[in-house]
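First the structure, in the form of structure tokens, and then the observations on it.
Each value in this text was obtained by applying a stated rule to the coordinates, not by laboratory testing. It should be emphasised that the depicted structure is a prediction, and the values quoted were computed from it without experimental measurement. Neighbour counts are summed over all protein chains in view; Cβ atoms, including those assigned to glycine, are modelled from backbone coordinates with ideal geometry.
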Amino acid sequence: MKNLGRLALSAVALVVTLLLRTPVSGAPIEVALDADKFGKLDQKLTKCGDIGCGPTAAVNSFTYLQTAFPNSYKTPLVPAGQEVMVADTLADLMGCCGAGTSIENFIRGKRSYVESKDPGATKYGAELSGKWTGTDRPDFVHENATATDLLAFIERELRAAEDVEISIANAGVGHFLTLTGITFEDETRQRGQLTFVDPNGGTRGSTTFRIDANGDIRTTYILGAQIAFVRHAVSESPVPELSTLVLLAAGLIGLGGASWRGRRPK
């Protein structure tokens, strides 16, 4: 019984923590993951060099996943000291060394690699601002996402401690970034800041953004000689373990019962 009591208290504490993280109306909204858990691989060390941002961003994300959720990834996605080797493997899966990585090949390559290491351990999500090219679109890929859709997806996935990569682009160049956080200036969610690990150098960075008059997410990140726009967002996270779901359910039931008792007429 003591153990059950501890489990119930842990569940309640978890739910209360989640509730406390809900932003107060009118206040700045900030979601941040522990940047120290992400990889720091520089794309220039990989065989694709200057166009190896996709595989490199994936490696830096995989490092976060296995560090944040060690029980879910029994086989390391990125073995210690093998970051470059994993990026080169992903480069082959994504076909990036010819002309860079398309969003379709980025998603296909990442999922293929993860499932080869820890089958069934990961759930995926993606929001594309345009259409999927090809006939093999996964069910988790949503097309024709608006700027609001993309930002809501990024906030939701980061708030759930999932890793998120974004694809940014301008008229002639594209690039991938591994996100570590998002901040909105206020509850309108029309502007704010993104923090990330940039595969170009493997360093942390940030960029402000706003939804412009055309309905695009305009950043201050300079790509080539022009500013870049957020075009797509992709996420991965471990499939919740049964024990976690049981704890959360118990916590919600406990809060519901307490709320009902508080409202019951005396």
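I need the calculated FRET efficiency for the pair residue 92 and residue 35, taking r as the beta carbon distance and R₀ as 30 Å, to the nearest 0.05.
Working: r = 29 Å, r/R0 = 0.95.
Given R0 = 30 Å and the Cβ-Cβ separation, E is 0.55.
What the phi angles of segment 203-213 give under the Karplus curve with 6.51, -1.76 and 1.60, with θ = phi - 60°, is a coupling list of 10, 7, x, 8, 8, 7, 8, 7, 7, 8, 5 Hz, glycine and proline written as x. Couplings 3J(HN,Hα) for segment 217-226, derived from phi with the Karplus relation 6.51 cos²θ - 1.76 cosθ + 1.60 (θ = phi - 60°), are 8, 8, 9, 10, 6, 8, 10, x, 10, 10 Hz, where x marks Gly and Pro.
Can you pick out the pairs among 110/131; 47/123; 40/110 whose Cα atoms lie more than 26 Å from each other?
Working: 110/131 19 Å; 47/123 29 Å; 40/110 18 Å.
Beyond 26 Å: 47/123.
Centre-to-centre, using Cα atoms only, segment 97-125 and segment 42-77 are separated by 11 Å.
You can think of it this way: the chain between residue 142 and residue 160 has 4.6 nm of extra reach, that is 0.36 nm per residue less the Cα-Cα gap. Distance from the alpha carbon centroid of segment 221-239 to that of segment 156-199 works out to 6 angstrom.
Per-residue Cβ neighbour counts within 10 Å put 158, 151 in the sequence 158, 151, beginning with the fewest.
Residue by residue, segment 174-191 carries 3J(HN,Hα) couplings of x, 7, 10, 10, 9, 7, 10, x, 9, 10, 9, 5, 7, 5, 6, 6, 8, 7 Hz when phi is fed to the Karplus relation 6.51 cos²θ - 1.76 cosθ + 1.60 (θ = phi - 60°); x denotes Gly or Pro.
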